[in-house]
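To keep things clear, I will list the structure first and then write my remarks on it.
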Amino acid sequence: MKLASLRHGRDGKLVVVSDDLAWCAHAGPEVPTLQAALDDWAHAAPRLHALAEGVNAGTILRERFHEREAASPLPRAYQWADGSAYVNHVALVRQARGAKIPESFWVDPLMYQGGSDVFLGPRDAIPLKDEAWGCDFEAEVAVIVDDVERGVTPEQARARIRLVMLVNDVSLRNLIPAELEKGFGFFQSKPASAFSPVAVTPDALGEAWRDGKLHLPIQVTLNGKPFGKAEAGEDMTFDFGQLIAHAAKTRDLAAGTIIGSGTVSNRDADGGPGKPVSEGGRGYSCIAEQRMIETIQSGKPTTSFLKYGDRVEIEMRDARNHSIFGRIEQDVVKD
């Protein structure tokens with residue numbers, strides 16, 4: 001089942017989307033928003049599944065689905081917590097500055113709490129006040145959970161995953177060091193994120209969803225050229241069950257909480273840093289990683305962060321080359 005929120009008020013209007021992303025049907029007044037569905041998933045899910053069958057079969061009233069009309073599946077959420085499940089990405093950051101990675105990073109996930117009161121739509125521009133802030137994209141996978149009680153195990157946590165989607169976790173790289181020096185983590189360096197047009201139930205992902213991971217490449221294009229195609233299921237040190245359990249160690253998580261994977265990152269086949277797509281590698285899910293590798297190999301980065309007018313596209317396709325979540329497509333504009 002695939003769900004989206006058309007732009008309407010603060011929280012959107014919930015629609016059920018056909019598997020091919022061509023058609024949709026309104027969920028109706030009983031389930032007006034995605035948050036309403038998540039608040040009462042046991043009762044809402046059967047109704048939504050029935051609508052999904054009708055939309056796919058063309059047996060109910062439906063209309064064309066246009067990704068440009070979609071807001072984030074959750075235009076705002078009770079909580080957005082982003083992990084760093086791909087420790088390879090963290091290791092490269094530290095290697096680039098000559099620091100060793102602590103052993104604890106391999107057994108205890110990193111996670112920060114981002115702003116969830118406002119999300120960008122999948123086709124909204126990225127507003128940037130100053131190019132000197134070092135604007136970057138981060139292509140990630142995210143899940144939306146049902147209510148999760150504190151102290152949950154990773155196995156229990158996996159069963160609470162209701163929906164899966166993609167995210168562009170926008171980062172202002174040059175503002176990060178000063179914030180981290182304060183010891184309180186990210187704030188100004190993490191502006192609004194953007195999510196894919198559609199959120200998908202794990203069962204609809206078939207064999208691609210297993211062990212709490214999504215085993216497909218996440219495709220990134222920058223200004224029309226392939227930038228990354230990292231395999232989301234590989235090199236993921238912590239699966240989503242572990243990330244959710246980490247977030248819920250000392251607190252309950254409300255239905256509608258979003259948990260992110262962090263930047264998808266792969267090692268090269270020889271175990272070393274990944275190579276650019278232009279050199280036959282899988283490329284990168286953010287500019288910072290390419291800059292880190294350039295620093296490691298030549299002593300300084302040569303690739304610039306995003307500039308005004310740049311366009312970023314993030315998408316994931318199935319084995320038949322069909323888009324699963326729709327496409328995040330964003331231009332960087334002067335704020």
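The values are calculated or read from the model by the stated rules, or taken from the named source; none is laboratory data. Being a predicted model, the structure only gives us computed values, none of them experimental. Here the Cβ is made from the backbone with ideal geometry for all residues, glycine too, and neighbour counts use every protein chain on show. What goes into the accessible areas is simple: the full protein's heavy atoms, side chains included, and nothing from ligands, DNA or RNA. Shrake-Rupley method; radii C 1.70, N 1.55, O 1.52, S 1.80 Å.
For (1) modelled with pLDDT of 95 or more; (2) touching a helix residue (DSSP H, G or I) at 6+ places or on another chain (Cβ under 9 Å); (3) open to solvent by 60 Å² or more (accessible area, probe 1.4 Å); (4) under 27 Å from L6 (Cβ atoms), each residue gets a yes or a no:
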residue	(1), (2), (3), (4)
K182	no, no, yes, no
Q188	yes, yes, yes, no
S193	yes, no, no, yes
K213	yes, yes, no, no
N223	yes, no, yes, no
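In the range 80-103, how many are open to solvent by 60 Å² or more (accessible area, probe 1.4 Å) and outside any loop (DSSP other than H, G, I, E, B)?
Residues of the range 80-103 that are open to solvent by 60 Å² or more (accessible area, probe 1.4 Å), as a first pass: 95, 97-98, 100, 103.
Keeping just the survivors that are outside any loop (DSSP other than H, G, I, E, B) gives 95, 103.
Qualifying residue count for the region: 2.
If I filter the range 280-335 down to residues being at positive phi and touching a strand residue (DSSP E or B) at 6+ places or on another chain (Cβ under 9 Å), which single residue comes out as most open to solvent (accessible area, probe 1.4 Å)? Give the derivation first.
The initial filter retains those residues of the range 280-335 that are at positive phi, namely 280, 283, 299, 309, 321, 326.
With touching a strand residue (DSSP E or B) at 6+ places or on another chain (Cβ under 9 Å) added as a condition, the list becomes 283, 309, 326.
Values: G283: 8, G309: 58, G326: 0 Å².
Among residues in the range 280-335 that are at positive phi and touching a strand residue (DSSP E or B) at 6+ places or on another chain (Cβ under 9 Å), the one most open to solvent (accessible area, probe 1.4 Å) is G309.
Test of understanding: among G309, G281, which residue is without any contact (Cβ under 8 Å) to a residue 40 or more places away in the chain, under 12 Å from A230 (Cβ atoms) and not charged (D, E, K, R)?
The unique qualifying residue is G281.
Take G260 and decide whether it is over 30 Å from G151 (Cβ atoms), out of contact with any Cys (no Cβ under 6 Å at 6 or more places or on another chain) and open to solvent by less than 40 Å² (accessible area, probe 1.4 Å). Even if it seems obvious, please write down each step before you answer.
On the way: over 30 Å from G151 (Cβ atoms): no; out of contact with any Cys (no Cβ under 6 Å at 6 or more places or on another chain): yes; open to solvent by less than 40 Å² (accessible area, probe 1.4 Å): yes.
In short, no.
Considering only the range 32-77, state which residues are in contact with a Leu (Cβ under 6 Å, 6 or more places away or on another chain) and part of a helix (DSSP H, G or I).
L34, E69
Looking at the range 204-217, can you tell me whether even one residue there is under 22 Å from R291 (Cβ atoms) and in contact (Cβ under 8 Å) with a residue 40 or more places away in the chain?
Of the range 204-217, the ones under 22 Å from R291 (Cβ atoms) are 217.
Then keep just the ones that are in contact (Cβ under 8 Å) with a residue 40 or more places away in the chain; that gives 217.
So far as the range 204-217 goes, yes, one or more of its residues are under 22 Å from R291 (Cβ atoms) and in contact (Cβ under 8 Å) with a residue 40 or more places away in the chain.
Is it the case, given these coordinates, that H66 is open to solvent by 70 Å² or more (accessible area, probe 1.4 Å) and more than 24 Å from D147 (Cα to Cα)? I'd like the intermediate steps shown before the answer.
On the way: open to solvent by 70 Å² or more (accessible area, probe 1.4 Å): no; more than 24 Å from D147 (Cα to Cα): yes.
Criteria not met by H66.
Taking the condition of being within 17 Å of G121 (Cα to Cα) and of a type in the set (G, A, S), how many residues in the range 317-334 meet it?
So the count comes out to 1.
Take the residues in the range 125-176 that are among the charged types (D, E, K, R) and part of a strand (DSSP E or B), then tell me which one is most open to solvent (accessible area, probe 1.4 Å).
First, pick out the residues of the range 125-176 that are among the charged types (D, E, K, R): 129-131, 136, 138, 140, 146-147, 149-150, 155, 158, 160, 162, 169, 173.
Next, from what is left, pick out any that are part of a strand (DSSP E or B): 136, 140, 162.
On the way: D136: 1, E140: 0, R162: 49 Å².
Looking at the filtered set, the residue picked out is R162.
Return the pair list, or none, for Cβ contacts closer than 6 Å from residues in the range 44-59 that are under 12 Å from H26 (Cα atoms) to residues that are of a type in the set (F, W, Y), at least 6 apart or on different chains.
Qualifying pairs under 6 Å: V55/W23.
Write out, first by first residue and then by second, each pair whose Cβ atoms fall under 8 Å of each other, whose residues are 6+ apart or on separate chains, and whose first residue, in the range 253-275, is of a type in the set (D, E) while the second is surrounded by fewer than 24 Cβ atoms within 10 Å (Cβ to Cβ) and part of a loop (DSSP other than H, G, I, E, B).
Taking only residues 6 or more apart or on different chains, the pairs are D268/K275; D268/G281.
Which residues, taken from the range 1-40, are more than 14 Å from P73 (Cβ to Cβ), open to solvent by less than 40 Å² (accessible area, probe 1.4 Å) and out of contact with any strand residue (DSSP E or B) (no Cβ under 6 Å at 6 or more places or on another chain)?
S18, A22, G28
Check whether at least one residue in the range 71-79 is surrounded by 20 or more Cβ atoms within 10 Å (Cβ to Cβ), polar (S, T, N, Q) and within 17 Å of A199 (Cα to Cα), and report yes or no. Steps first, please.
To start, the set of residues in the range 71-79 that are surrounded by 20 or more Cβ atoms within 10 Å (Cβ to Cβ) comprises 71-75, 77.
Checking the rest, the ones that are also polar (S, T, N, Q) come to 72.
In the following step, the residues that additionally are within 17 Å of A199 (Cα to Cα) were identified as 72.
Scanning the range 71-79 turns up at least one residue that is surrounded by 20 or more Cβ atoms within 10 Å (Cβ to Cβ), polar (S, T, N, Q) and within 17 Å of A199 (Cα to Cα).
For the range 254-289, what are the residues that are outside any loop (DSSP other than H, G, I, E, B) and within 23 Å of P109 (Cα to Cα)? Give the derivation first.
Our first condition is that a residue be outside any loop (DSSP other than H, G, I, E, B); within the range 254-289, this holds for 258-260, 277-279, 283, 287-289.
Across the range 254-289, the qualifying residues are I258, I259, G260, I287, A288, E289.
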